[in-house]
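What follows is calculated from the coordinates using simple rules that are stated; it is not laboratory data. This one's a predicted model, so the numbers in the text were calculated from it and none came from an experiment. Note that each Cβ is placed from the backbone with ideal geometry, even for glycine, and that neighbours are counted across all protein chains shown.
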Amino acid sequence: MESLKELFRIGNGPSSSHTMGPKKITEEFLKRNNGLDYVEVTLYGSLALTGKGHLTDKVISDVLGDIKHKISFDIKTKVKHPNTMDLKGFIGKKEVAKMRAYSVGGGAIEIEGEKAIVKKDVYELSTFDEISKYCKDHDMRLYEYVDMCEPEIEDYLKEVIKVMCDAVERGLSKEGTLPGKLQVKRKAAVIYRQSPSTLMERYYKNTLAYAYAVSEENASGGLIVTAPTCGACGVIPSVIYGLKKQNKYTEQELLDALKTAGLIGNLLKTNASISGAVAGCQAEVGSACSMGAALIAEINKKKINTIANAAEIALEHHLGLTCDPVLGYVQVPCISRNAVAAVRCFSAYTLATYVEDVPPVISFDEICQIMLATGKDLSNKYRETSGGGLATLKKNIIQRLNQVNLEK
Ligand code: SF4
């Protein structure tokens, strides 16, 4: 498995596969081809169907800058990867360069005809069973396995936590409307200002507000961390920020818990998927919830079996979750979905602690396989194409959102 740096990427939203990936592809194309006068870009599959809402064309345009260009959305041509992009470069009228590339999830890219840029495996073991056996045999915790595999990761993770917490605070301080046709009002600050009557309500309210804050930052192109993707970037920061505010845990404990969450995310990325276009929202928000549940179990110093149980329960109860963003914007249902998943991290953790330290009935490796198989069975309509589910309500949703917004 790759470094956690490849999982927790710091960058601008709103989408790792539809914004960060295409941006990187365009930059790579320009790096390889100097002095172009004109560039033609064609987006296929999910990039064509939801690229407008995800601001894919805007980010490509920004990279191309002064170079004349045309960006087309081809929703008819069948392609082998759901996030396919063609680029052609011209000097004068002569085509001098072309490239087909894929945005393969979490901001990573592959270029056709070239071996996938395989980053060195920094984690030799790649299943939970292998890693947990190794840790048990060597009396190690999961985060110590991360330390062993990439001893230099800690400074990077400090920056990750900082960017996550800054995004919570920026999001809580902003009001107004998110970019795009849906005209969704920001709600993080509104939720945060509520005065709940019980401690339990306050905990729920804060967890929801923190997740809204980061997801709203993501939806408006703010700086966030893919955890494991942009669309699901609100879950882990909500959990981390909430734990930090409790003043009960040291910085080191937060870092160690994030390492374990990263290990879970890496296993999901390697053995299943973290891409909504490949396996639906269960792969994005479901994976984030699984990572968050493991994070809470780690910071509470639970044994490996309990951490595995927490991560498994969180993912199990997202199985089948479709990706159906209305008009392709990473807003409805994405933002509230992050918030609900943040709360569910604690539910999954709590449930796991009722049967402490027994091997899971369903292992974490098994749930990874089941999530991937379920994702492959999902109709294309439910894999980031805005062709099914909530996305089919687009006109009604816009009307209803306007009513809600006016009432606020
Ligand atoms: S529905 Fe889920 S997977 Fe799809 S764009 Fe929104 S957050 Fe990402």
Proportion of all alpha-carbon pairs of the range 14-111 beyond 15 Å (%): 54 percent
Approximate spin-label separation residue 381-residue 76, in nm, with each point projected 7 Å along Cα-to-Cβ: 2.3 nm
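Percent of alpha carbon pairs in the chain separated by more than 42 Å? It would help to have the intermediate numbers written out before the result.
Values: 9189 of 83028 pairs.
The answer is 11 percent, as a whole percent.
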Modelled label reach - residue 393, point 7 Å along Cα→Cβ, the range 304-333 residues with backbone N closer than 13 Å: 324-327, 332-333
Spin-label pair residue 136/residue 202, simplified geometry with 7 Å Cα→Cβ offset, distance in nm: 4.1 nm
The chain: relative contact order as a whole-number percent, Cα under 8 Å and 6+ apart: 18 percent
Nitroxide proxy distance, nm - points 7 Å out along Cα→Cβ at residue 183 and residue 98: 4.3 nm
Sites matching trypsin sites (Lys or Arg not before Pro) across the range 1-84 that sit in DSSP coil, with at most 13 neighbouring C-beta atoms within 10 Å: 76, 78, 80
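Where does the range 260-335 land on Rg(C-alpha)/(2.2 N^0.38 Å)? Display every interim value, and only then the final one.
On the way: Rg = 13.0 Å, N = 76, 2.2 N^0.38 = 11.4 Å.
After normalising by residue count via 2.2 N^0.38 Å, the value is 1.14.
Loop only by DSSP, 13 or fewer other Cβ within 10 Å of the Cβ. Give me the GluC sites (Glu not before Pro) in the range 309-395 that pass, ordered by residue number. Don't skip to the end; give the middle numbers.
Working: sites: 312, 316, 356, 366, 384; in loops: 356, 384.
Listed in order of number, the matching sites are 356.
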Distance from the range 52-111 to the range 353-376 (C-alpha centre basis), Å: 38 Å
Net length gained if the chain between residue 58 and residue 38 were fully extended (0.36 nm per residue, minus Cα distance): 5.5 nm
Förster-model FRET efficiency, 41 Å R0, residue 403 and residue 223, C-beta, rounded to 0.05: 0.80
For residue 107, distant residues with modelled amide H under 5 Å away: 17, 21
